[in-house]
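Data block below; observations after.
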Amino acid sequence: MEHGSEQLHRLAEGEALDRAGYLEMIRNRENLREEAASLACAVRRRFYGDRIYIRGLIEFTNYCRNNCYYCGIRGGNPHADRYRLTEEEILSCTDAGWELGFRTFVLQGGEDPFYTAEKLATIVRGIKERHPDCAVTLSFGEHSRQDYALWREAGADRYLLRHESINPVHYASLHPEGMSHENRLRCLRDLKELGYQVGAGFMVGSPGQTEEDLAEELCFLRDFRPEMVGIGPFVPHKDTVYAEEPAGTSELTTFLLSLIRLTLPSVLLPATTALGTIDPEGREKGILAGANVLMPNLSPVNVREKYLLYDHKICTGEEAARCIACLKERIRITGCEIVTDRGDHRASE
Ligand code: SF4
């Protein structure tokens, strides 16, 4: 029997694994990949069938007060061409998305103080008034519990906040002083307590990340039980100190997607744009490894080139309608099907 195979089957049967178990599987991933993907897809089918949910991504500002070392739009990058969408522009993106069948909108931005808590609450209310049946997801970084509560009351349903590393030393190597691992985790806990469906996550292959770190990540997810998990390969950006670092691989990312699906059977799990960036078939491979969400871009085409957290991002020139047509075809080949309902998280059995 392959090393790690026993752990893989125990995981698929719903047993909680420890760090050593995850590590053994990660180390022998080459030999376990196919089996892990097939077990993960069987588990996904149990909860969601072959339905793949789409979320309309609106990147509303690329200003950011932070300086994460890996990020192309960090506040300290003088080469980033900055933009903000107005409230009207954001609402018109959601109107166009609604017509295309989107029932979830993800408002993503750098931590831009221009959007005060009240301003963002007004935008959330505006979206909910126009499209009462949609889900609104925010992805706007670290804020006070009070601000999160205000947005929740305004109608926000979900919040994505990648924690990036559960290892405080590794976290500190990716972020400048002043950004704290502790505060990131405080935010995640607050969001959960406030009733958001919460998304955590990390980059795969970020500089300095070890296989042991990845095993820890899986243990953290096992215990924290987020409703969504966003992982994508690290992709370097030319204006960062990590410009020359190698990108993460689609092999490791898709294997981790399978392990996450098996650890949290009903999790909402995107096959990310970063995965499609490092591998032309990355998103299809992600779906075949157990993912069940795609997040096409609904931002106006004239700002898409400016929201570059990493280099060579795909789909920056396509109109949303064309993106959907392309994704539908790609997903059909995997045997799954894109659907347009809200795709809420389903509680595990
Ligand atoms: S990763 Fe997010 S918080 Fe960090 S600098 Fe980039 S946009 Fe800002």
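The values are calculated or read from the model by the stated rules, or taken from the named source; none is laboratory data. Source: prediction; values computed, not measured. Here Cβ is always computed from backbone atoms with ideal geometry, including for glycine, and neighbour counts include all displayed protein chains.
A few points about this structure:
- Some residue of segment 27-36 being in a loop (DSSP other than H, G, I, E, B) and crowded, with 16+ Cβ neighbours inside 10 Å: yes
- Among the residues examined, A121 qualifies as aliphatic (A, V, I, L, M), in contact with a helix residue (DSSP H, G or I) (Cβ under 6 Å, 6 or more places away or on another chain) and away from the ligand (no atom under 16 Å from the Cβ).
- A149 being in contact with a Phe, Trp or Tyr (Cβ under 6 Å, 6 or more places away or on another chain), more than 16 Å from the ligand (Cβ to nearest atom) and at pLDDT 95 or above: no
- Being within 30 Å of E34 (Cα to Cα) and part of a loop (DSSP other than H, G, I, E, B) is a description that does not apply to R330.
- Taking each residue of segment 152-176 that is at positive phi and looking for partners that are modelled with pLDDT of 95 or more and in a helix (DSSP H, G or I) with beta-carbon atoms closer than 8 Å, six or more apart or interchain, yields G155/V124; G155/R125; G155/I127; G155/K128; E164/Y171; E164/L174; E164/R184.
- Filtered by the rule that a residue be among the aromatic types (F, W, Y) and closer than 18 Å to R222 by Cβ, segment 153-203 gives a lone residue, F202.
- Residue match in segment 177-194 (condition: assigned to a loop (DSSP other than H, G, I, E, B) and within 16 Å of the chain's Cα centre (by Cα)): no
Yes/no per residue for (1) hydroxyl-bearing (S, T, Y); (2) modelled with pLDDT of 85 or more; (3) farther than 15 Å from A96 by Cβ; (4) part of a helix (DSSP H, G or I):
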{"position": "E284", "(1), (2), (3), (4)": "no, yes, yes, yes"}
{"position": "I287", "(1), (2), (3), (4)": "no, yes, yes, yes"}
{"position": "A291", "(1), (2), (3), (4)": "no, yes, yes, no"}
{"position": "S299", "(1), (2), (3), (4)": "yes, yes, no, no"}
{"position": "N302", "(1), (2), (3), (4)": "no, yes, no, yes"}
{"position": "L308", "(1), (2), (3), (4)": "no, yes, yes, no"}
{"position": "I314", "(1), (2), (3), (4)": "no, yes, yes, no"}
{"position": "E318", "(1), (2), (3), (4)": "no, no, no, no"}
{"position": "R322", "(1), (2), (3), (4)": "no, no, no, yes"}
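- A residue that is among the charged types (D, E, K, R) and touching a Pro at 6+ places or on another chain (Cβ under 7 Å) cannot be found anywhere in segment 320-338.
- For segment 39-65, a residue qualifies if it is over 13 Å from S5 (Cα atoms), away from the ligand (no atom under 16 Å from the Cβ), not in a loop (DSSP other than H, G, I, E, B) and not aromatic (F, W, Y), and the qualifying residues are A40, C41, A42, V43, R44, R45, R46, R51, I52, I54, G56.
- Evaluated against (1) closer than 21 Å to G199 by Cα; (2) in contact (Cβ under 8 Å) with a residue 60 or more places away in the chain; (3) more than 9 Å from the ligand (Cβ to nearest atom), L107 falls short on exactly one condition, (2).
- Residue in segment 324-342 that is modelled with the highest pLDDT, counting only those that are in contact with a helix residue (DSSP H, G or I) (Cβ under 8 Å, 6 or more places away or on another chain) and closer than 17 Å to V106 by Cβ: I338
- Out of C68, C93, one residue alone is touching a residue at least 40 places away in the same chain (Cβ under 8 Å), within 16 Å of the ligand (Cβ to nearest atom) and within 21 Å of the chain's Cα centre (by Cα). It is C68.
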